Amino acid sequence: MTKKTIVITGGLGFVGTNLIKKLEKKYKLIIIDNLCTNKKRYSQFSRNNLLIKKDINKKIKLPNKKIYALIHLAAKGSVIDSIKNPGENFLANTIGTFKILEICKDYKIKKVIIASTGGAIMGNQNPPVDENSLPKPISPYGASKLSAEAYCSAYAHSYGISITALRFSNILGPYSWHKKGVITKYFKSILNKKPLIIYGNGETTRDYLYVEDLCDGILNTLKKKLSRFEVLHLSSGKETSINDLIKTIFKITNTSKFKVIKKKLRNGEVNRNFSSNIKARKMINFKPKYTLEKALIETWKWFKNHSINA
Ligand SMILES: NC(=O)c1ccc[n+]([C@@H]2O[C@H](COP(=O)([O-])OP(=O)(O)OC[C@H]3O[C@@H](n4cnc5c(N)ncnc54)[C@H](O)[C@@H]3O)[C@@H](O)[C@H]2O)c1
């Protein structure tokens, strides 16, 4: 049987690299990535697939074949960078998504999944948030993802495309060396014997999900027939403070003598966040399997083995 073709934007990033490993057995993949975030680091994983090295804002010509689905991951994903350079973030995330939707319309791609965010889109509100909570972003990154979702809703209804916006929580796992999130920073600090930095008093909370569980959620979404436009939170549904995260990191890395430095909370970062995953459990049979401790153990193994070449 011939394999169906799937286009993945941002396929050479952290989530994309993990996802490609799962998808390439079953599907033919076309990856679009401008290599801006990871400087070819993980491009070895795209060897078996067609790689289009291009910015999503440039004119992209796809091979003339039937495309079953498109998964849009390409984005500038840092809250702090979006505050420093909101224009760059808007161009990559909002206009970039618009350009990708135009491709879906032109190439008659009928199934689309886009990566959104569960925390930054919501701003400061009482957790747990869910799909009925009113998004109130407090950073340009959150705003860029919310406006991208709005265009997805509009294109789904105007052009008959089935689009699902998956709001990821904070993802951890292998191939995240280049990321700017707290787990990457703490593992790098431990490897380099440097102090761990906490912004705020350590009671800031997040919802951490292992990348393997996230990718299973994306795969389930791909297989399911959903309505025109759907939003789903892919999260652990659990709230973890930075203080508790550090305790678990110390436990699994067998280190406790590291100095912890506290700095002022940064603008744009939400205080508390975790999301309910009940809708995703019902609609796409989403069942995260990894506890945070197990996810940290797997991620730490990867960081230790890859610290030299990464
Ligand atoms: N990792 C997380 O914790 C997390 C949480 C919430 C949402 N998300 C979203 O999930 C998606 C994937 O995140 P990730 O962690 O893999 O990020 P990443 O930075 O590792 O990967 C993004 C990839 O997109 C590419 N890219 C960026 N801008 C591009 C452009 N204009 N044209 C072409 N390629 C471009 C980069 O080169 C990179 O390979 C993003 O949309 C992100 O906003 C991630």
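The values are calculated or read from the model by the stated rules, or taken from the named source; none is laboratory data. Bear in mind the structure is a predicted one, so any value in this text is a computation, not a measurement. All Cβ positions, glycine included, derive from the backbone under ideal geometry; neighbour counts span all protein chains shown.
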Subset tally (residues that are under 25 Å from N124 (Cα atoms), in contact with a helix residue (DSSP H, G or I) (Cβ under 7 Å, 6 or more places away or on another chain) and surrounded by fewer than 17 Cβ atoms within 10 Å (Cβ to Cβ)) for the range 267-309: 1
With the checklist (1) under 29 Å from N285 (Cα atoms); (2) within 15 Å of the ligand (Cβ to nearest atom); (3) touching a Ser or Thr at 6+ places or on another chain (Cβ under 6 Å) in hand, flag the one item L226 doesn't pass. (2)
Quick one: which of A143, A165 is modelled with pLDDT of 95 or more and within 12 Å of the ligand (Cβ to nearest atom)? A165
Would you check if there is a residue in the range 149-158 being free of Cβ contacts under 8 Å to residues at least 60 places away in the same chain and within 13 Å of the ligand (Cβ to nearest atom)? no
Looking at (1) surrounded by 19 or more Cβ atoms within 10 Å (Cβ to Cβ); (2) within 12 Å of the ligand (Cβ to nearest atom); (3) of a type in the set (V, I, T), which is the only condition I95 fails? (1)
Flagged in the range 103-127 as of a type outside the set (G, A, S) and within 16 Å of the ligand (Cβ to nearest atom), in numbering order, are I103, C104, V112, I113, I114, T117, I121, M122, P127
For a quick check of your reading of the model, give me the residue pairs whose first member lies in the range 5-32 and is within 6 Å of the ligand (Cβ to nearest atom), whose second is among the aromatic types (F, W, Y) and outside any strand (DSSP E or B), with beta-carbon atoms closer than 7 Å and at least 6 apart or on different chains. L12/Y42; F14/Y175
The correct count of residues that are of a type in the set (D, E) and in a loop (DSSP other than H, G, I, E, B) in the range 202-239 is 3
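Could you count how many residues in the range 52-87 are within 11 Å of the ligand (Cβ to nearest atom) and surrounded by 15 or more Cβ atoms within 10 Å (Cβ to Cβ)? If you could, list the steps in order and put the result at the bottom.
Step one: list which residues in the range 52-87 are within 11 Å of the ligand (Cβ to nearest atom), which gives 52-58, 60, 71-79, 81-82.
Keeping just the survivors that are surrounded by 15 or more Cβ atoms within 10 Å (Cβ to Cβ) gives 52, 54-57, 60, 71-79, 81-82.
Summing the residues that are within 11 Å of the ligand (Cβ to nearest atom) and surrounded by 15 or more Cβ atoms within 10 Å (Cβ to Cβ) in the range 52-87 gives 17.
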